[in-house]
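In what follows, a structure is listed as structure tokens, so that the remarks can point back to it.
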Amino acid sequence: MQNHAAMTNPPPLLAIETLEQSFGGVMALAGISFQTSANRIQAIIGPNGAGKTTLFNVLCGFYQPAAGSLRFNGQELRGLPPHRIAALGIARTFQNLQLFFNMTVLENVMVGCHLRAKTGLLAAALRLSSVRHEEQQLREWASEALELCGLSGQSERLAGALPYGLMKRVEMARALAAKPQLLLLDEPAAGLNDTETMALRDLIMRIRASGVTVLLVEHHMPLVMSVSDRLLVLDYGSVLAEGTPAEIQADPRVIAAYLGGAVQYAV
Amino acid sequence: MRLTGFFIFAASVVLLPVLFPDNYFVTVVGIAAGLHVILAVGLNLLMGYAGQISLGHAAFFGMGAYASAILTTRFSWPSLLAMLAGLWVAGTIAWLLARPILRLRGHYLAMATLGFGIIIHVILVQAAHWTGGPDGLGEIPPLNLLGWTVDGDQQWYGVIAAAMLLSIWLSLNIVDSRIGRALRAVRGSEFAAQMMGIDATRAKTQIFVVSALFAACAGSLFAHQQAFVSPDSFSLMISVELVTMVVLGGMASTFGAACGAIALTLLHEGLVVFEDYEMLIHGALLMAVMIFLPQGLFAGVSQGVRRGWALIASRQRHKG
Amino acid sequence: MLEQIFQFLVTGITVGSIYALVGLGFALIYNASDVVNFAQGEFVMLGAMNAIALLAAGLPLPLAAIAAVLLTTLVGLLLERFAIEPAKGASVVTTIIITIGAAIFLRGVASLLWGKNSLPLPAFSGNEPIDLGGATLLPQSLWILGGTVVLVALVNAFLNRTLLGKALLACSFNRAAAQLAGINVQVMLRLAYGLSAGLGAIAGILVAPITFSSYEAGIMLGLKGFSAAIVGGIGNPMGAVAGGLLLGVLEALGAGLISSGYKDAIAFIFVLMVLFFEPTGLFSHKAAERV
């Protein structure tokens, strides 16, 4: 269908081929293939249990896939532990918050900068002057990410003491602070009200504008349809359809299987 | 400022012997407290910040002590070199042990560290040819620091106070750095920390080694200061006491651990009078603190102070 | 040589039986509450010391033993009520430290009540060794072996045949579900503490004629029992029994063939190896929690 388009596009940033993952005999991913080129907002939608979060977890090295390959900038991700995958330029947020609750907002985001700094144990223990400089630098980077996510006034608060909506933004800031090439957002709009969702939409656009490719798993159809360049529809662990929002909304299989009323709602 | 608390603490440590010269509580108890602070601050890095319990920390304390004792008495090594050797031994063993042992969690980790502590203790008792067995090793020469021989309670107070302040300073630095944040992040959410590029295994291994080094250093100082070591000083009960110090003060706070160490040392000193009741009170205290103040004494008190301070500050703001 | 090894095996199984009983107590409490009770060894000590004291007070041995078991069970219930219950929901580290505190406290009480000396309990049926084709056996060892077999069989039947026992096991599989099914988890918890205190006390009384007892006799026995539970797969009662026997035999062989001074080290090296390579235990069939 749309596959001929890929031929003329630049080489893919992320290329996933016949990816399989099963849990105790249940196929969570049944041979998924798709590609994303750089500087896109690629949404992944599908009903609960379609394999979206599993796909993220495989991408991040949290699960090792049973078969298939994942290439990021031509490099195979399969077999790499999460921290090595992060080092290649992939960051993510989590569906169920994974903040460091006992640390301040600023510290959370500074952890996001971990890979951009290089202070080792000995230098840190002795607080060499290079460490002081780097700390200053990290603080600035973290503040930039906080500002981008509209969290400037919150930096000294404990992450665990924030309201839910702000916690989600801290996760976003933390992921952005890593300056990733590819950002995975797992249901960023869940639990947000309409105003917050609109702000989120703007934020995702700004993130893309800064040169970051976004993979977005989301149930909020108006957001998905208005923000995405392309959509991947998963159902029972396989690809049901792939295309632009307009193409997906017109796809009879998608309408039949899943979207239904949501399409009209979005248009 | 970042180190305000540290400077206040350092100033009081320096002032104590000036205000109370030749006071038993300053020199004798102070030395014991100082060593306990080094041990507790090191253990707190592992327990409080990395979230890994160790019920065998006395083993590393013992390794430092026995390395100094054996190398100086049997091989006439200079004391500083023996101390370095002790650090090397403890650090290497911690590093080798870290990977398999830190994969374990909760009760499994408790059992493994406890077992390790007992194994080392048994070796100290049994390898009598080297360690002197249950009777221990005596006549350990005094500590010699580049030509200066440490002698007398006053000088020992100085040396141990300096080592203690150094350990607190190092700990504060580590906690408030890229390394310390990585460690706390692993404790908060290991998965998320890994997704930030943190190698969790490496982070835990590093801090396990650091806390073993703190303990070994305290051990070396202890051996020279006492001029005698025996396995009793490195038993399971000592490991338990070290854990008590950390939780008594409140985990995940360097000063909390230090306060816990000082408080427990003073308590022991105070309970000498009620020798028969010491165990009973120790046990009851441990239970009571964990049940009623799981955050620890220091955290409980400092939270109260902070709240009070915030209240005063807000009132003044209203007036202004 | 073969005879010697046979002797070690006999000794090992005797000692292992005690570890098995203590390990069984660990497993029961762990099943009901996910708490590892570091005061388990103190139940063993209290059983023995109570019996010794009651005997000295003039009670006949059987009566002293029964009263000692009841008293220790009461201590177990009190421990649950006043130290474990108030700290419900606390972290693993916190509960470990609470039970360690309880252990030290009980040791302190024992040393105040009965001093710091080792005290004997007379053997139940004399001290005439029984010849067993090369190996010798004290009559008390038969008491230990027999007692262990009976107790393990009773606990096993209780867990698998009675409603109450099944309820106790259900708590370990899924506490919330057990609660929904109408099981009073609180009662189960007390039951587990009472039961394992009683088991510990019996173990202590059985072994006291051989090893004597003192206020600190429970430390090592408790740790070995904990080891037995870990070797067998924590939370698996019959695994703990098997783990205890295995540990006892290994220790006796190590003590006999390598060095008796290193016997505790040998036992714990074995435990470490199990933890490193088979952390869910050697006899675990139920999928254990992620370690």
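The values are calculated or read from the model by the stated rules, or taken from the named source; none is laboratory data. Just so it is clear, the model here is predicted, and its values are computed rather than measured. For neighbour counting, all protein chains shown are included, and Cβ atoms are generated from backbone atoms with ideal geometry for every residue, glycine included. Protein only, heavy atoms only, side chains kept; ligands, DNA and RNA dropped before computing areas. Shrake-Rupley method; radii C 1.70, N 1.55, O 1.52, S 1.80 Å.
Gyration tensor over the Cα atoms of the protein assembly as shown: the corresponding equivalent ellipsoid has semi-axes (square roots of 5 times the eigenvalues, largest first) of 53, 37, 25 Å.
Would you tell me the mean number of C-beta atoms belonging to other protein chains that fall within 10 Å of each C-beta in B:268-277, as a whole number?
Taking all residues of B:268-277 together, the mean is 1.
Each peptide in A:40-51, C:272-283 receives the mean, over its residues, of other Cβ atoms within 10 Å, and ordering these scores from highest gives A:40-51, C:272-283. Residues of the range C:67-93 buried by at least 50 Å² of accessible area upon assembly of all protein chains, compared with the chain on its own (1.4 Å probe): C:93. With springs only between Cα atoms under 10 Å, which of C:58, C:165, C:194 fluctuates most in a Gaussian network model of chain C? Maximum fluctuation in the GNM of chain C, among the listed residues, is at C:58.
Taken as Cα centroids, the range B:124-178 and the range B:251-304 sit 24 Å apart, rounded to the nearest whole angstrom. Note on chain C: GNM, Cα springs under 10 Å; of C:189, C:63, C:246, the largest mean-square fluctuation is that of C:63. For the range A:99-247, dividing the convex hull volume of the Cα atoms by the residue count gives 134 Å³ per residue. Eigenvalues of the alpha-carbon gyration tensor of the range A:161-260, scaled by 5 and square-rooted, set the equivalent ellipsoid semi-axes at 26, 16, 12 angstrom, largest first. Accessible area buried by the pairing of A and B, both sides summed with a 1.4 Å probe, works out to roughly 2900 Å². A cut-off of 5 Å between modelled amide H atoms, ignoring neighbours fewer than 5 places along the same chain, links residue A:33 with A:18, A:19, A:239. Considering only beta bridges that DSSP places wholly inside chain A, some 55 percent are antiparallel. Apolar share of the accessible surface for chain B: 66 percent from carbon plus sulfur atoms, 1.4 Å probe.
Selection among C:181, C:267, C:218 by position relative to the dipole of the range C:152-267 gives C:181 as farthest towards the positive end (Cβ unit charges, Cα centre).
Restricted to Cα atoms, the range B:2-236 shows a radius of gyration and a Dmax of 18.3, 56 angstrom. Could you give log10 I(q)/I(0) at q = 0.10, 0.14, 0.18, 0.22 Å⁻¹ for the range B:131-214, computed by the Debye formula over C-alpha point scatterers of equal weight, without solvent? Computed log10 I(q)/I(0) values: -0.47, -0.71, -0.85, -1.03. A Cβ-based charge dipole, computed about the Cα centre of the range B:2-236 with Lys and Arg at +1 and Asp and Glu at -1, lands at about 1060 debye.
Close amide H partners of residue A:234, meaning residues 5 or more places away or on another chain with modelled amide H under 5 Å apart, are A:45, A:46, A:240. Scalar couplings 3J(HN,Hα) for the range C:48-57, obtained by applying the Karplus form with A = 6.51, B = -1.76, C = 1.60 to θ = phi - 60°, are 5, 5, 4, 4, 4, 5, 5, 5, 5, 6 Hz; x denotes Gly and Pro.
For residue A:28, the amide hydrogen comes within under 5 Å of the amide hydrogens of A:21, A:22, A:23, counting only partners 5 or more places away or on other chains and with H modelled in the peptide plane. Divide the volume of the convex hull around the Cα atoms of the range C:159-211 by the residue count and you get 83 Å³ per residue. Taking every residue in B:167-180 and counting other chain Cβ atoms within 10 Å of its Cβ, the average works out to 5.
For the peptide A:106-112, the mean number of other protein chain Cβ atoms found within 10 angstrom of a residue's Cβ is 5. Membrane-span-like helices in chain A, defined purely by DSSP H runs whose alpha carbon atoms cover 24 Å or more axially and whose average Kyte-Doolittle hydropathy reaches -0.5, do not occur.
Counted over the protein assembly as shown, the DSSP beta bridges are approximately 65% antiparallel.
Accessible surface area normalised per residue over the protein assembly as shown is 41 Å², counting heavy atoms of protein chains with a 1.4 Å rolling probe. For the options C:164, C:21, C:79, a Gaussian network treatment of chain C with springs between C-alpha atoms closer than 10 Å singles out C:164 as fluctuating the most.
Enumerate the helices in chain B for which the Kyte-Doolittle hydropathy averages -1.0 or more and the C-alpha atoms extend at least 24 Å along the helix's axis, using complete DSSP H runs.
Long hydrophobic helices here: B:24-44, B:79-102, B:106-126, B:152-175, B:200-226, B:254-271, B:297-319.
Derived scalar couplings between HN and Hα for the range C:228-233 equal 4, 5, 5, 4, x, x Hz in order, rounded to whole Hz, by the Karplus curve 6.51 cos²θ - 1.76 cosθ + 1.60 (θ = phi - 60°), x for Gly and Pro. Protection proxy ranking for A:154-167, B:250-263, using the average of other Cβ atoms within 10 Å per residue and placing the highest first: B:250-263, A:154-167.
Assuming a viscosity of 0.890 mPa s and a temperature of 25 °C, what translational diffusion coefficient in µm² per second does Stokes-Einstein assign to chain C, Rh being the Kirkwood radius over Cα pairs?
My calculation gives 128 µm²/s for D.
Measuring only protein heavy atoms, the 1.4 Å probe finds residue B:151 accessible over about 110 Å².
Remark: accessible surface ordering of B:77, B:169 (largest first) is B:77, B:169, probe radius 1.4 Å. Computed with every protein chain present, the accessible area of residue B:282 is close to 10 Å² [probe 1.4 Å]. Using Cα-only point scatterers and the Debye equation, what is log10 of I(q)/I(0) for chain A at each q in 0.07, 0.16 Å⁻¹, rounded to two decimals? Debye intensities relative to I(0), on a log10 scale: -0.26, -1.26.
For residue C:175, the solvent-accessible surface with a 1.4 Å probe is about 80 Å², rounded to the nearest 10.
Taking the convex hull of the Cα atoms, report for the range A:1-149 its projected area averaged over all directions, in nm².
Orientation-averaged projected area of the Cα hull: 12.1 nm².
Taking the helices alone, the protein assembly as shown has a mean residue ellipticity at 222 nm of -20500 deg cm²/dmol, built from -39,500 (n - 2.57) per DSSP H run of at least 4 residues and averaged over all its residues. Pair-distance distribution of the range B:38-86: all C-alpha pairs, bin width 5 Å, starting at 0; shares per bin in whole percent are 5, 21, 22, 16, 14, 11, 8, 3, 0. Largest to smallest in accessible area, the residues A:143, A:228 fall in the order A:143, A:228 (1.4 Å probe, all protein chains included). Of the accessible area of chain A, computed with a 1.4 Å probe over protein heavy atoms only, carbon and sulfur atoms account for 54 percent. Calculate log10 I(q)/I(0) of the range B:243-314 for q = 0.14, 0.15, 0.19, 0.22 Å⁻¹, where I(q) comes from the Debye formula with a single equal point scatterer on each Cα and nothing for solvent. So the normalised log intensities work out to -0.48, -0.54, -0.76, -0.91.
Taking a sphere under 10 Å around the Cβ of residue C:218 and counting the other residues whose Cβ falls inside, with K and R at +1 and D and E at -1, yields a net charge of -1. Shown in residue order for the range C:187-192 are the 3J(HN,Hα) couplings computed by the Karplus curve 6.51 cos²θ - 1.76 cosθ + 1.60 at θ = phi - 60°: 5, 4, 4, 5, 4, 4 Hz (x for Gly and Pro).
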